[in-house]
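Asker: Below are the structure tokens for one structure; questions will follow.
Computed from the coordinates by the stated procedures, all read-outs in this text should not be read as laboratory data. Computed from a prediction, not measured in an experiment: that's the story for all the values here. Ideal geometry is used to build each Cβ from the backbone, glycine not excepted, and the neighbour counts take in all protein chains shown.
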Amino acid sequence: MTHLTGPARAQYVQSMFARVAGKYDLMNRLMTGGQDLRWRKMVIALAALPSGGALLDLGTGTGDIAAGALAANPNLLSVGGDFTLEMMRVGKTDPARAAVRFTAADALNLPFPNDTFDAVTSGYLMRNVIDVPRVWAEQYRVLKPGGRAVCLDTTPPPQNLLRPFINLHLHVIIPALGRLIAGPSASDAYTYLPDSTENFLPAEALAQRMADAGFANVQFKRLMFGTMALHWAIK
């Protein structure tokens with residue numbers, strides 16, 4: 001479904017995440033061998049939130065990053081924003097995420113004033129949006145001066161000796177896990193994931209989009225044999 005564009009793509013992504021919501025966290029752990037938990041902690045550390053600060057975790061899903069930030073900084077205002085309500089409903093069933101302020105939010109048109117948050121984080125959001133420059137611009141707008149944007153997402157795999165093994169993981173193991181864990185009705189989500197990864201912007205290009213939106217000190221780091229990337233920058 002990566003050929004879809006505009007509103008049709010947005011509608012498909014929203015419907016897809018609604019169907020996998022109940023198994024989303026489990027699938028992330030299985031697909032990454034549990035490494036996604038460590039990467040989310042890295043996101044929180046890079047956000048460098050002050051005590052009593054305000055965080056927007058965008059594309060929050062079930063609230064993993066938003067809740068993790070609260071665990072590290074209990075005085076935080078932690079807002080989890082997503083346009084897939086079913087994902088947030090799953091997150092709200094976890095008592096450990098009760099303090100997250102789950103909020104319906106479209107990354108293209110954030111319902112927050114300018115200069116509101118000390119940090120904006122996201123995990124696996126950017127490859128799913130239909131307008132990357134607009135999403136970076138909106139994050140820049142709602143950040144306070146000096147605030148940080150931190151993004152974790154997949155990135156196209158490098159062309160190296162590991163590429164055949166990466167392709168096996170992306171195109172055979174992940175779809176098989178999806179069918180087994182999430183069921184046939186959600187199996188397309190786990191073919192969409194590798195396709196959207198391979199068709200997404202390379203890490204260097206995503207960093208350039210951040211710079212184009214006005215961010216300073218843009219940096220990135222590849223993870224998991226080059227298939228994941230952390231990006232961070234300052235307003």
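Asker: Using +1 on the beta carbon of Lys and Arg, -1 on that of Asp and Glu, and nothing else charged, what's the dipole of the chain about the Cα centre, debye to 20? Please list the in-between numbers first.
Answerer: Details: 22 positive and 18 negative charges, 69 e Å.
Once rounded to the nearest 20, the dipole reads 340 debye.
Asker: Rank-order 121-132, 6-17 by packing density, defined as the average count of other C-beta atoms within 10 Å over each peptide's residues, highest first. Before the final figure, lay out the partial values.
Answerer: Numbers: 121-132: 21.2, 6-17: 15.4.
Top to bottom by mean Cβ count within 10 Å: 121-132, 6-17.
Asker: Ignoring everything except DSSP H segments at least 4 long, calculate the 222 nm mean residue ellipticity for the chain; use -39,500 (n - 2.57) per segment, divide by total residues, nearest 500.
Answerer: Numbers: 10 runs with 95 residues, N = 235.
The helix contribution divided over the chain gives -11500 deg cm²/dmol.
Asker: Now a separate question. With +1 on each Lys and Arg Cβ and -1 on each Asp and Glu Cβ, and nothing else charged, work out how big the dipole of region 96-209 is about its Cα centre, in Debye to the nearest 20. Before the final figure, lay out the partial values.
Answerer: Details: 10 positive and 10 negative charges, 49 e Å.
Computed about the Cα centre, the dipole is about 240 debye.
Asker: Between residue 147 and residues 5 or more places away or on another chain, which pairs have amide H atoms under 5 Å apart, with H built 1.01 Å from N, and which residues are they?
Answerer: Correct list: 235.
Asker: If amide hydrogens are placed 1.01 Å from N in the peptide plane, which non-local residues have theirs closer than 5 Å to the one on residue 117?
Answerer: Placed amide hydrogens put 143, 144 under 5 Å from residue 117.
Asker: If we count other beta carbons within 10 Å of each Cβ, what is the order of 44, 173, fewest first?
Answerer: Details: 44 23, 173 14.
With the sparsest Cβ surroundings first, the list reads 173, 44.
Asker: Among 180, 52, 170, which residue has its Cα furthest toward the positive end of the charge dipole of region 6-234, with +1 on Lys/Arg Cβ and -1 on Asp/Glu Cβ?
Answerer: 180
Asker: A further question follows. Considering all alpha-carbon pairs of region 6-234, what whole percent are spaced by more than 34 angstrom? Mind dumping the intermediate values first?
Answerer: Working: 2186 of 26106 pairs.
That tail contains 8 percent of the Cα-Cα pairs.
Asker: Hey, another quick one. Ranked from highest to lowest mean number of other Cβ atoms within 10 Å per residue, what is the order of the peptides 55-66, 216-227, 135-146?
Answerer: On the way: 55-66: 28.1, 216-227: 14.7, 135-146: 19.2.
Top of the packing list down: 55-66, 135-146, 216-227.
Asker: Another one. Name the residue, out of 196, 78, 51, whose mean-square fluctuation peaks in a Gaussian network model built on the chain with Cα pairs under 10 Å.
Answerer: Highest fluctuation among the options: 51.
Asker: Continuing with the same structure: At 20 angstrom or more along the helix axis (alpha-carbon based) and mean Kyte-Doolittle of -1.0 or higher, what helices does the chain contain? Whole DSSP H runs only. Each step should come with its number before you reach the end.
Answerer: On the way: long enough: 6-20 (22 Å, -0.11).
Qualifying helices, which must be both long enough and hydrophobic enough, are 6-20.
Asker: List the residues whose amide H sits under 5 Å from the amide H of residue 76, counting only those 5 or more places along or on another chain, with H placed 1.01 Å from N in the peptide plane.
Answerer: 52
Asker: Region 97-168: Rg/Rh from Cα coordinates, Kirkwood Rh? Walk me through the numbers on the way to the answer.
Answerer: Working: Rg = 15.8 Å, Rh = 14.3 Å.
Looking at region 97-168, the ratio lands at 1.11.
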